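Step one of this worksheet: look at the structure below.
The values are calculated or read from the model by the stated rules, or taken from the named source; none is laboratory data. Because the structure is a prediction, the values reported are computed rather than measured. Cβ coordinates were reconstructed from backbone atoms using ideal geometry, including for glycine residues, and neighbour counts include every protein chain displayed.
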Amino acid sequence: MNIHEYQAKELLREYGVRVPPGRVAHTVDNAATAAEELGGERWVVKAQIHAGGRGKGGGIRVAGSIDEVRHCADQLIGRHLVTPQTGAAGRLVQRVLVERACRIHKEFYLGLVIDRGTQRITVIASEAGGMDIEEVAARHPGRIVREAVDPAVGLMDFQCRKIAAKIGLTGRQIPEATKLMQALYRCFRDNDALLAEINPLAVVDEGQLMALDAKMSFDGNALYRREQITAMRDFDEEDPKEVEATGHGLNYIALDGDVGCIVNGAGLAMATMDAISFHGGKPANFLDVGGGASPEKVENAFRIVLQDPSVRIILVNIFAGINRCDWIAEGLVQAMRDLKIGVPIVVRLAGTNVDAGRAILAASAFPFIMADNLDDAATRVMATLRAAPA
């Protein structure tokens, strides 16, 4: 789960990380009032969407007067902002963050992630702040500093000092950076975060370190124990199909293909998408119905997949263990009857009660296209698509 920049900064502030004074505004008048309350001579007006690269898309603007703040807010609120991470459609800006501008002397990058290789929280830092860290890593890998954290002892002072020195901090900035890194680590650990990123971490005004931008994402499987984080969820920033799927206990992620996928198990879902791609197709989604899919759950899966108008065919791939093929078959028949599905459906069933499941589908009189295995299913999907009018 992602949160907005202003929410991440509020969270970091609770842990003692210095952030610029700012206010969130939903209207032009709110933005002007926020600037007046903050005081100062210059302000930064920042679009709040769940996507990076806002500066490249014109989503971060500097204003030198209250009238300019009004103009910037008017240009952003209600606009679909297109960035390198939003796609061509962009994201609707419904709020902006107004902050008092700081005098920046130097910018750095600081982030925490879960390293899947070491299975540890890892600090990533660079003296090349304010830039895409992926680009820096690709072109100048030597400018990236990595430090894994031992979960038994946490982030140690000496590690923080080493990181700070390697990215070019000196003097009294070293202990200040140590305190900031440990605060960021505690925030990350305490809230089951997957990513915490400060870009840029800047030396401002009289030499203080300040988080000028912040991005955080959290483990969705841990939200049940993080009420404060769950309350920050912005459903307007999420695909409505994904939100509905969550409500039905389904794991759904929309993609840009035309082959709908309904599968049980995340690993099998990934393998199914790979098989479709291998045979020349493009998956329209990732959808895992889970291990105990009832007929109602299967019908809900169909309804969510079919909300995507680009879906031309659906592949149902079930390997039943805890689940049962006859339950899945009943759900398929129920979906065909209730939803009046007009696209072809390729079905591969294996595992518990497979013969009973196949018998239910055969007796239904609906035109299911049966497959023997995953490769056969992907082959039949592509053959059906090629034979159908575009």
Filtering the stretch 139-155 down to residues that are over 18 Å from L209 (Cβ atoms), β-branched (V, I, T) and surrounded by 16 or more Cβ atoms within 10 Å (Cβ to Cβ) yields I144, V149
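So, in the stretch 367-390, exactly how many residues are assigned to a loop (DSSP other than H, G, I, E, B) and either more than 33 Å from the chain's Cα centre (by Cα) or farther than 14 Å from I318 by Cα (or both)?
6
A quick yes/no check of all residues on (1) under 14 Å from L212 (Cα atoms); (2) in contact with a strand residue (DSSP E or B) (Cβ under 9 Å, 6 or more places away or on another chain); (3) basic (K, R):
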site	(1), (2), (3)
H4	yes, yes, no
E10	yes, no, no
Y15	no, no, no
A32	no, yes, no
V44	yes, yes, no
A51	no, yes, no
G58	no, yes, no
G64	no, yes, no
Residue count, the stretch 83-99, condition within 29 Å of E36 (Cα to Cα) and surrounded by 18 or more Cβ atoms within 10 Å (Cβ to Cβ), comes to 7
Counted residues in the stretch 335-366 being assigned to a helix (DSSP H, G or I) and surrounded by fewer than 17 Cβ atoms within 10 Å (Cβ to Cβ) come to 9
Query raised in the report: among the polar types (S, T, N, Q) and in contact with a Phe, Trp or Tyr (Cβ under 9 Å, 6 or more places away or on another chain): does that describe N2?
Result: yes
Somewhere in the stretch 126-145, is a residue touching a residue at least 40 places away in the same chain (Cβ under 8 Å) and more than 24 Å from R54 (Cβ to Cβ)?
no
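Quick check: anything in the stretch 261-274 in a helix (DSSP H, G or I), assigned by TED's automatic domain parsing to the domain that holds H248, within 24 Å of R386 (Cα to Cα) and of a type in the set (G, A, S)?
Yes.
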Scanning the stretch 240-280 residue by residue, the ones that are polar (S, T, N, Q) and at pLDDT 95 or above total 2
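So that you can scan it fast, the table gives a plain yes or no per residue for (1) over 23 Å from G16 (Cβ atoms); (2) buried (at least 21 other Cβ atoms within 10 Å of the Cβ); (3) not acidic (D, E):
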site	(1), (2), (3)
D132	yes, no, no
A137	yes, no, yes
D157	no, no, no
R172	no, no, yes
L180	no, yes, yes
R186	no, no, yes
When the stretch 304-342 is checked residue by residue, the ones that are more than 19 Å from K241 (Cα to Cα), β-branched (V, I, T) and within 31 Å of the chain's Cα centre (by Cα) are I318, I322, I328
Going through (1) surrounded by 14 or more Cβ atoms within 10 Å (Cβ to Cβ); (2) without any contact (Cβ under 8 Å) to a residue 40 or more places away in the chain one by one, E227 fails only at (1)
Got at least one residue in the stretch 78-88 being under 28 Å from A47 (Cα atoms) and either assigned by TED's automatic domain parsing to the domain that holds L180 or of a type in the set (D, E, K, R) (or both)?
yes
In the stretch 23-80, residues that are within 19 Å of K9 (Cβ to Cβ), surrounded by fewer than 20 Cβ atoms within 10 Å (Cβ to Cβ) and touching a Gly at 6+ places or on another chain (Cβ under 8 Å) total 2
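Is at least one residue of the stretch 245-253 surrounded by fewer than 22 Cβ atoms within 10 Å (Cβ to Cβ) and either among the β-branched types (V, I, T) or under 23 Å from A359 (Cα atoms) (or both)? Break it down into steps so the answer makes sense when it comes.
Of all residues in the stretch 245-253, those surrounded by fewer than 22 Cβ atoms within 10 Å (Cβ to Cβ) come to 246-249, 251, 253.
Filter again for either among the β-branched types (V, I, T) or under 23 Å from A359 (Cα atoms) (or both), leaving 246, 253.
Yes, the stretch 245-253 has at least one match.
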